[in-house]
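Structure first, commentary second.
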Amino acid sequence: MARSSKPMLLYPELFEGLVNLQVLHVYDPRLCCIRPVGAECVNREPPHPLFTCRKTFLQNTTIKVFIWILGLSALVGNAFVIIMRLRTKHETTISSVQSTLITNLAVSDFLMGVYMIILAVMDIYIGDSYFWEGRSEEWRKSNTCQIAGFISVLSSEASVFLITLISVDRFICIVFPFSQKRLGVVSARVFSGFTWALALVVSSISVAFGFLNTDAYSLSDVCVGLPLIRKQIDLYAAVDTYTKSIYGFTEFAIISGTSIPTWQYAIALFLGVNLLSFVVICLCYIAVFIKVYFAGRSAGRKSKSLDQVKMASKMFLIVGTDLCCWMPIIVIGILVQANVVVVTPDIYAWLVVFVLPINSSINPYLYTVANRVSSK
């Protein structure tokens, strides 16, 4: 089949009546999804790394349902946190500082909810024309997808930076309670503004690279160029031995000689910066736990007193959810870039929809509800 510059318009009855079709050579892998049963399908070039036979760009019904649940949860939960924090009057500097940081964190997590709702709405809007009309490339290169990707990176990086800032602030307050080098109300606002500026720069660079290198967003239907896939290069033509041995004539297939990382910037950002931030968060809370533990012993209390249990539980939730959010992506990303594992489209979709945004839905409860419960 000749290669076309535009996607083919497919329909379910395309191969109706071709009962004797034995082999199909295609440039458009969608044809392999609707070929007659028993017919062989040979791709004339390696398909998109994340290509599947799904009819819409969100993978399945479960993902479609949960992206609405997580998206609305992030929007409602973080909007509630923002409103309550802005309306609450704080009597101490420490509570005011914490409120400033948590409010900014809620704003970043609110943006993740916006990102998820954009994907959910566009999945409904595009529908199965994504498959039948071949609109995958059109969607990945669209302004809507670019905006969604920008919001996602802005939200995730601002959240990571703010959680790191909160962890460092709590580390200083608890481990060095008499230190003068701690955040005040003004400095908390300044540092929050700096984290937003840094996240804005990082996400803007993502968009800029997206225009220079289409692998940034065009390799993902969810508009985020995570370092979880590699691009096939060094393409060459080789004799299709299967076709020659079965049908007796020579055909050539396009084969990839090797693969390279799709986006070095994503590797530096998601596998480098975020890993460093997580290490800082862990070290801060380990130091806090040790400080609280020995302070309790020196005061004559049991090591498993109620206060210490509450402190340990809150730290476990904060660090644990951050671990669940980023460490799978970091670990899998390292293995993928080392050519140890290959991430399938299904795994990629589940990681982006469930793992990446889960903290945005949980953080309102961790930093507000948990604090209210522990204060009783």
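The values are calculated or read from the model by the stated rules, or taken from the named source; none is laboratory data. Keep in mind the model is a prediction, meaning the values are calculated, not measured. All Cβ positions, even for glycine, are placed from backbone atoms using ideal geometry, and neighbour counts span all protein chains on display.
Would you please name the residue that is farthest from Cys145 (Cα to Cα), looking only at residues in the range 4-45 that are of a type in the set (D, E, K, R) and in a loop (DSSP other than H, G, I, E, B)?
Of everything passing the filter in the range 4-45, Glu16 is farthest from Cys145 (Cα to Cα).
Among the listed residues Ile174, Ile163, identify the single one that is surrounded by 14 or more Cβ atoms within 10 Å (Cβ to Cβ), over 26 Å from Ser361 (Cβ atoms) and either β-branched (Val, Ile, Thr) or in contact with a strand residue (DSSP E or B) (Cβ under 9 Å, 6 or more places away or on another chain) (or both).
After applying the criteria, what remains is Ile174.
Taking the range 54-70, which residues are of a type in the set (D, E, K, R) and assigned to a loop (DSSP other than H, G, I, E, B)? Outline the logic, then answer.
Our first condition is that a residue be of a type in the set (D, E, K, R); within the range 54-70, this holds for 54-55, 64.
The answer is Arg54, Lys55.
Under 16 Å from the mean Cα position of the chain (by Cα), closer than 30 Å to Phe66 by Cβ and in contact (Cβ under 8 Å) with a residue 40 or more places away in the chain: does that describe Ser155? I'd like the intermediate steps shown before the answer.
Working: under 16 Å from the mean Cα position of the chain (by Cα): yes; closer than 30 Å to Phe66 by Cβ: yes; in contact (Cβ under 8 Å) with a residue 40 or more places away in the chain: yes.
Yes: the conditions hold for Ser155.
Evaluate the following for Ile281: is it at pLDDT 85 or above and buried (at least 17 other Cβ atoms within 10 Å of the Cβ)?
Numbers: at pLDDT 85 or above: yes; buried (at least 17 other Cβ atoms within 10 Å of the Cβ): yes.
Here the answer is yes, as Ile281 does meet what is asked.
With (1) under 21 Å from the mean Cα position of the chain (by Cα); (2) under 30 Å from Ser187 (Cβ atoms); (3) surrounded by fewer than 12 Cβ atoms within 10 Å (Cβ to Cβ) as the list, and Asn78 as the residue in question, which single condition is left unmet?
Here Asn78 clears every test but (3).
For the range 9-19, which positions are out of contact with any Phe, Trp or Tyr (no Cβ under 8 Å at 6 or more places or on another chain) and modelled with pLDDT of 80 or more?
Kept after step one, since they are out of contact with any Phe, Trp or Tyr (no Cβ under 8 Å at 6 or more places or on another chain), are these residues of the range 9-19: 12-19.
Passing the criteria: Pro12, Glu13, Leu14, Phe15, Glu16, Leu18.
Filter the range 123-137 for residues that are touching a residue at least 24 places away in the same chain (Cβ under 8 Å) and either in a helix (DSSP H, G or I) or farther than 24 Å from Cys33 by Cα (or both) and give the result.
First, pick out the residues of the range 123-137 that are touching a residue at least 24 places away in the same chain (Cβ under 8 Å): 123, 126-128, 130-137.
Result: Asp123, Ile126, Tyr130, Phe131, Trp132, Ser136, Glu137.
Conditions tested, residue by residue: (1) in a loop (DSSP other than H, G, I, E, B); (2) at pLDDT 90 or above.
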| residue | (1), (2) |
| --- | --- |
| Pro47 | yes, no |
| Thr52 | yes, no |
| Ser95 | no, no |
| Ser99 | no, no |
| Ile102 | no, no |
| Leu111 | no, yes |
| Val114 | no, yes |
| Leu119 | no, yes |
| Thr144 | no, yes |
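Let's see how each residue does on (1) surrounded by 13 or more Cβ atoms within 10 Å (Cβ to Cβ); (2) of a type in the set (D, E, K, R); (3) closer than 30 Å to Phe354 by Cβ:
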{"position": "Pro12", "(1), (2), (3)": "no, no, no"}
{"position": "Glu16", "(1), (2), (3)": "no, yes, no"}
{"position": "Glu40", "(1), (2), (3)": "yes, yes, no"}
{"position": "Leu50", "(1), (2), (3)": "yes, no, yes"}
{"position": "Arg54", "(1), (2), (3)": "yes, yes, yes"}
{"position": "Val65", "(1), (2), (3)": "no, no, yes"}
{"position": "Leu86", "(1), (2), (3)": "no, no, no"}
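For residues in the range 167-188 being polar (S, T, N, Q) and part of a helix (DSSP H, G or I), which is modelled with the lowest pLDDT?
Residues of the range 167-188 polar (S, T, N, Q): 167, 179-180, 187.
This time we only want the ones that are part of a helix (DSSP H, G or I), so: 167, 187.
Working: Ser167: 84, Ser187: 90.
That would be Ser167.
Restricting to the range 144-155, count the residues that are among the hydroxyl-bearing types (Ser, Thr, Tyr) and under 13 Å from Val107 (Cβ atoms).
Within the range 144-155, the first condition is being among the hydroxyl-bearing types (Ser, Thr, Tyr), and the residues that meet it are 144, 152, 155.
From what is left, the residues that are under 13 Å from Val107 (Cβ atoms) are 155.
Going through the range 144-155 one residue at a time, the tally reaches 1.
Name the single residue that is farthest from the chain's Cα centre (by Cα) among those in the range 5-44 being among the polar types (S, T, N, Q) and under 22 Å from Arg135 (Cα atoms). Quick ask: steps written out before the conclusion?
Initial filter on the range 5-44 (among the polar types (S, T, N, Q)): 5, 20, 22, 43.
Those still in the list that are under 22 Å from Arg135 (Cα atoms) too: 5, 43.
On the way: Ser5: 32, Asn43: 30 Å.
Out of the qualifying residues, it is Ser5.
Of all residues in the range 178-210 being in contact with a Leu (Cβ under 6 Å, 6 or more places away or on another chain) and of a type outside the set (A, V, I, L, M, F, W, C), which is surrounded by the most Cβ atoms within 10 Å (Cβ to Cβ)?
The selected residue is Thr195.
Test of understanding: among Val336, Val342, Val319, which residue is surrounded by fewer than 15 Cβ atoms within 10 Å (Cβ to Cβ) and either at pLDDT 80 or above or of a type outside the set (S, T, N, Q) (or both)? Walk me through it before giving the result.
On the way: Val336 fails: surrounded by fewer than 15 Cβ atoms within 10 Å (Cβ to Cβ); Val319 fails: surrounded by fewer than 15 Cβ atoms within 10 Å (Cβ to Cβ).
Step by step, each of Val336, Val342, Val319 is checked, and only Val342 is surrounded by fewer than 15 Cβ atoms within 10 Å (Cβ to Cβ) and either at pLDDT 80 or above or of a type outside the set (S, T, N, Q) (or both).
Determine if the range 356-376 includes at least one residue that is under 14 Å from the mean Cα position of the chain (by Cα), more than 22 Å from Phe110 (Cα to Cα) and modelled with pLDDT of 65 or more.
Just the residues of the range 356-376 that are under 14 Å from the mean Cα position of the chain (by Cα), to begin with: 356-361.
Then keep just the ones that are more than 22 Å from Phe110 (Cα to Cα); that gives none.
Looking for residues that are under 14 Å from the mean Cα position of the chain (by Cα), more than 22 Å from Phe110 (Cα to Cα) and modelled with pLDDT of 65 or more, one finds none in the range 356-376, hence no.
Here's a check for you: in the range 113-146, which residue that is within 21 Å of Leu10 (Cβ to Cβ) and aromatic (Phe, Trp, Tyr) is surrounded by the fewest Cβ atoms within 10 Å (Cβ to Cβ)?
Here the answer is Tyr125.
Could you run through the range 328-347 and say how many residues are within 17 Å of Leu275 (Cβ to Cβ) and either touching a residue at least 24 places away in the same chain (Cβ under 8 Å) or within 13 Å of the chain's Cα centre (by Cα) (or both)?
Residues flagged as within 17 Å of Leu275 (Cβ to Cβ) and either touching a residue at least 24 places away in the same chain (Cβ under 8 Å) or within 13 Å of the chain's Cα centre (by Cα) (or both) within the range 328-347 amount to 8.
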